[in-house]
Amino acid sequence: MKTKLFPFAAIAFVMASCSSEDVIETNPDPKGDALSFSIAVGHSRAVETKPENLGNFAVVAKGVHPHGSVYDSFLIGGSGGTDAGSVGGMTAKKAENGNWGFDSPVYWPTSIDDVLFWAYTCSQETDGDISDVLPSGAYYQFESNDAWIKNFSPEEAVLAENRSDGVWADGFFQKDLLGAFKQAKRGDGSVVTLNFKHMLSQISIKASSNAKADTDHRIVRIKGAWIVNTQDKANLKSGYKWSDGTAEDNAAWTALGVKDDSKKFTAYGSFYSKPLILDDEDDELDLLQEGGSLMLIPQTIKKWDKTTTSWDATATEKANAYILLLCRVELKHEGDTHPSNPGDTQIDDIVAYSGYHYHQQFPVNASSKFNEGEYGFVCVPVGTTFEMGKKYTFNLDICGKDSGAGNYPPDGKDYDYSSLYPRDHSFASQLTNEENKPVALTVVSRPTAKNVGDVVLDGAIEFNVKIEPWAAAGEDWKDGDLTFSK
């Protein structure tokens, strides 16, 4: 989308000695206009980055020799540093008039014809608050004739915070990382167009019970969903190249391992106080919640083989990936009691509510009693390649015509899934007439009769992956679909 022009303001200064031993001179009393910019931003996540909510962004500019050598000195910005939060570029800030600008104008240097511009930001404006250009821990550097964003990690929800909406979604705290690269020539005029591209991959997880029979009365209640074992720390290189007088960029990510070496797994997703329900209706649930889609580092993930239970979490090539759900499965029958045949023992693993009674199928507890607060972890292995600027939707088929409730995930001391949800959590009952009756969440471990990787009920979860572009139709990205069997 195109936006209005905005003045690019900064302090003009004399360029120092360059790699070619030439001296670049500024134009101290220009007759032409100062450099200004128009911008374009591709379609974004649920909270779209657009001119109305774009926050601040940083810009770095350098002159380039006709043979492609980048001059040592900076026209705009600097080399950055290794300190977390180092922006390096000069920050264009949003003014009251709706434009972006610096303190004073920058003009085209008199002695060069080509200038390279790099711009980057994660910043959005929400209710008057403007987030940082780079997320916590990340920093900018210019080295080896190229611009880098280093030590980048997606943000996570703070589980200790009280959430009025009852949703702890990592995606609420993650922002687009936008990047732009432009070669501008003196003869092009003073307006430089910056076309921001999405440097991350957007992930969503949805669930349904496909082609469910009318006689199938299973209900799935879900309190959380996460994608496990994705790369969560990396460097981004612009990938500057020069060919026959034309500058190009080929941005690429380099994995760095994990941001927290003490963890045996990484996980990004959402936890919610009020369970989402798949029942007899033909529903489709957004398991990350509205606005909670994830912004992850582009990478290739390999799906878990359902047997491996130990791996190197710091490896730069991530394997053993799976989608993890915190859920329970019930059977719903008409009537306040379960009919018994002569000689049968009355089934007592039920709860009655509003003309129906419910059996607990999963998780399995030692007493075989119905406990509305009991939930367990299940998973479905996933593998694919996440590319920059594309959105990936995992469509899970849970307890449908040809699917079950998934597999038991890796567990034990190395897999402390309790780090994914608030401690001492309770929630309102969904099977009582008493309003807001608190139910304590109890996560039930895998029963000893089951092994890691075994199916939870009668089958694995089926899924497919839909790939969508963020860019508008007619631009570079193309649609594609991947389908995986169980």
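General remarks:
- Segments classed as strands (runs of 3 or more DSSP E), wholly inside the stretch 232-306, with at least 2 members that are closer than 30 Å to GLU372 by Cβ: 267-278, 284-286
- Contact annotation: residue pairs with Cβ atoms under 8 Å, 6 or more positions apart or on different chains, pairing a residue in the stretch 243-261 that is under 25 Å from PRO66 (Cα atoms) and of a type in the set (A, V, I, L, M, F, W, C) with a partner that is in a loop (DSSP other than H, G, I, E, B) and at pLDDT 90 or above, are ALA247/TYR240; ALA251/MET199; ALA251/SER238; ALA251/GLY239; ALA251/MET388.
- For LYS206: the one exception among (1) under 30 Å from GLU96 (Cα atoms); (2) assigned to a strand (DSSP E or B): (1)
- In summary, ALA247 fulfils each of the numbered conditions (1) over 18 Å from VAL380 (Cα atoms); (2) out of contact with any strand residue (DSSP E or B) (no Cβ under 9 Å at 6 or more places or on another chain) with the single exception of condition (2).
- Of all residues in the stretch 206-218, those satisfying the criterion of being farther than 25 Å from ASN320 by Cα and surrounded by fewer than 20 Cβ atoms within 10 Å (Cβ to Cβ) are ASN210, ALA211, ALA213, ASP214, THR215, ASP216, HIS217.
- In the stretch 307-322 there is at least one residue that is in contact with a Pro (Cβ under 6 Å, 6 or more places away or on another chain), among the aromatic types (Phe, Trp, Tyr), within 25 Å of GLY406 (Cβ to Cβ) and not assigned by TED's automatic domain parsing to the domain that holds ALA160.
- In summary, SER367 fulfils each of the numbered conditions (1) more than 30 Å from PRO298 (Cβ to Cβ); (2) in contact (Cβ under 8 Å) with a residue 12 or more places away in the chain with the single exception of condition (2).
- The stretch 181-197, subset β-branched (Val, Ile, Thr) and surrounded by 15 or more Cβ atoms within 10 Å (Cβ to Cβ), residue farthest from the chain's Cα centre (by Cα): VAL192
- Complete set of residues in the stretch 249-286 that are farther than 27 Å from ALA315 by Cβ and modelled with pLDDT of 85 or more: ASP249, TYR272, SER273, LYS274, PRO275, LEU276, ILE277, LEU278, ASP279, GLU284, LEU285, ASP286
- Filter pass, ILE301 being in contact with a Cys (Cβ under 7 Å, 6 or more places away or on another chain) and either of a type in the set (Lys, Arg) or under 19 Å from GLN202 (Cβ atoms) (or both): no
- Members of the stretch 251-274 found to be closer than 21 Å to GLY412 by Cβ, among the hydroxyl-bearing types (Ser, Thr, Tyr) and surrounded by fewer than 20 Cβ atoms within 10 Å (Cβ to Cβ), listed by number: SER262
- Exactly one residue out of SER164, SER204, SER144, SER209 is touching a Ser or Thr at 6+ places or on another chain (Cβ under 7 Å) and of a type outside the set (Phe, Trp, Tyr): that is SER204.
- Cβ pairs under 6 Å, 6+ apart, first in the stretch 192-211 and over 30 Å from VAL59 (Cα atoms) and in contact (Cβ under 8 Å) with a residue 60 or more places away in the chain, second surrounded by fewer than 22 Cβ atoms within 10 Å (Cβ to Cβ) and β-branched (Val, Ile, Thr): SER204/THR393
The values are calculated or read from the model by the stated rules, or taken from the named source; none is laboratory data. Given the structure is predicted, the values throughout are model-derived calculations rather than measurements. Neighbour counts are summed over all protein chains in view; Cβ atoms, including those assigned to glycine, are modelled from backbone coordinates with ideal geometry.
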